[in-house]
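The next block holds one structure in the form of C-alpha cells; read it before the comments.
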Amino acid sequence: MDLDLVFLGTSGSVPTAKRGLAGTLLRRGGERILVDCGEGTQRQLLRSSVGLVELPEIFLTHYHADHYLGLPGMLKTFALRGREVPLTVYGPPGLNNLFGILRRVFGRLSYELTLVELQPGESVAREDYRIEAFAVEHGVSANGYAVVEEARPGRFDLEEAKRLGIPEGPLFGRLQGGEPVEVPGGTAVKPEQVLGPARPGRKVVLAGDTRAAGSVLEASKDADVLVHEATFSVEERERAEETLHATATSAAELALAAGVRLLALTHLSNRYFGPEIVREARTVFPETVVPKDFDIIDVRFPERGGPRLVKGGALGRHEEGEPHGKDGSGDHGERPRGGGGDPDDPALRGDPVGARVGRRDASDGAR
Ligand SMILES: [Zn+2]
Ligand SMILES: [Zn+2]
C-alpha cells in the first residue's frame, strides 16, 4: 500500500515567497488526509499535482492562525463547486468554539460538515490503521497525530507449505489470514508453521507546533517518519523556550532518542532558508531532511528501502518551466540534492547571516 506525505506549506507563523503556511497531505492508498490548513493551502493544492480534491478529512493540530486560516476559504470553494461529499474536521478541544466564529465567514455549505474534538490519547480507528492524537507542549490546546498501521502478517514460506502437502489455492489464503487448515489426508496445519513472525506496519508522526517534549518522544518511538517543527536554530534556544517551539538541535535530539528512521523538519521561521537548519540537525541526527513546499516523503516499507524525500515530487505540470527569473521557484527542475532545504536559494550565495539583516522576524509570540 502506498503511503506518502505531500508538503504543501513549510513556513512557520508567516509565509515567505517560497514557503507557504502549515499544510501536509497524507496519502495512503486512495485515502487523503490533510493535516493543518494554513492560509493559502487550497491554492498550494491547486498548484500541486494533487489538485484541490474533495478532501473528506482534515486534522488540525491547534488553533494558531497559521494552521487554520486556510479553512474558511477552502470550505467556501467546495460549497461554490456544489460539493456533496461530507467533510469531517478533527482537532483538539476548542474546535467547536473556533467554528462558532468561522461559520459566520464561510456561511452555508452544500455538504455536511462534522466536527470531532479529540483529546490527547484518543484515536480514530480505521480498518488497518489508526490515527492517534497525542499531547504536545505548545502552551495551548494542541494535538500531535500518529498514523499507525497494524502489523502485517509474516512472510509466507512457500517451500514449507509445499513440504507439508498444502495444495496451492484457497488454503494458502486462509493460512495467511491466520486460520488453521486441514490438508488432504487429514493433517492439521497451523498458520505459524508456514508464516514468519508478524512484521510491523509503518508509523508516521506529525507533531505540529511544540517544543521537544517527552510526550512527543513517546509517540515517536520507532516511527518511520517524524515530521517535527524547527522554528529556530539553536542560537535562538531562549526564544524557542519562551514561545514553546523547537530548535533544529532539540528536534534532532528527540528523533535520535526515539529511534526514528527519518526526521523531516518544517515550520521554519522566515529568518531561515533551510540549509542552516538541516546542517545543524544533521550534526545530531544525520537522517534529517528539510522539505520545501511540494516535496514528497515516500514512506516505503523498510524492506523496500524505507522513507525517502522526493524533491519537487508534487509540483504540478503547469508549474514546470514557468519563467520565474532569478529568485522565483523555477529551480524545481534541479535534481535532488540530498534534502538540504534551499541550497539553491540565491540569498545564500552571498552571506547567509547578512541576508537576515533587515528581515523582520515575525515569529513572535507562541504562534
Ligand atoms: Zn505555527
Ligand atoms: Zn502554534
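The values are calculated or read from the model by the stated rules, or taken from the named source; none is laboratory data. Values in this document were obtained by computation on a predicted structure and should not be read as measured data. In this analysis, Cβ positions are derived from the backbone assuming ideal geometry, glycine residues included, and neighbour counts consider all displayed protein chains. Accessible surface is based on the protein model in full, side chains and every heavy atom, while ligands, DNA and RNA are left aside. Shrake-Rupley method; radii C 1.70, N 1.55, O 1.52, S 1.80 Å.
At a glance:
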item	result
Pair list, Cβ < 7 Å and 6+ apart or interchain, from the stretch 44-71 residues that are open to solvent by less than 10 Å² (accessible area, probe 1.4 Å) to residues that are polar (S, T, N, Q)	61/143; 62/141; 66/13; 67/61; 70/41; 70/42
Options 202, 239; residue that is basic (Lys, Arg) and either in contact with a helix residue (DSSP H, G or I) (Cβ under 9 Å, 6 or more places away or on another chain) or within 23 Å of residue 28 (Cα to Cα) (or both)	202
Those residues of the stretch 53-104 which are away from ligand 2 (no atom under 16 Å from the Cβ), small (Gly, Ala, Ser) and touching a strand residue (DSSP E or B) at 6+ places or on another chain (Cβ under 8 Å), in sequence order	none
Qualifying residues in the stretch 99-109 (those that are out of contact with any helix residue (DSSP H, G or I) (no Cβ under 7 Å at 6 or more places or on another chain) and open to solvent by less than 60 Å² (accessible area, probe 1.4 Å)) - the one farthest from residue 53 (Cα to Cα)	100
Residue match in the stretch 248-259 (condition: over 16 Å from residue 284 (Cα atoms) and modelled with pLDDT of 95 or more)	no
Failed criterion for residue 216 (all others in (1) within 16 Å of ligand 1 (Cβ to nearest atom); (2) assigned to a helix (DSSP H, G or I); (3) touching a Pro at 6+ places or on another chain (Cβ under 9 Å) hold)	(3)
Qualifying positions in the stretch 184-206 - loosely packed, with under 12 Cβ neighbours inside 10 Å and either assigned to a helix (DSSP H, G or I) or of a type in the set (A, V, I, L, M, F, W, C) (or both)	188
In the stretch 306-340, the residues that are assigned to a loop (DSSP other than H, G, I, E, B), closer than 26 Å to residue 257 by Cα and modelled with pLDDT of 95 or more	306
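Residue-by-condition table, conditions (1) of a type outside the set (A, V, I, L, M); (2) surrounded by 24 or more Cβ atoms within 10 Å (Cβ to Cβ):
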{"residue": "208", "(1), (2)": "yes, yes"}
{"residue": "215", "(1), (2)": "yes, no"}
{"residue": "235", "(1), (2)": "yes, no"}
{"residue": "252", "(1), (2)": "no, yes"}
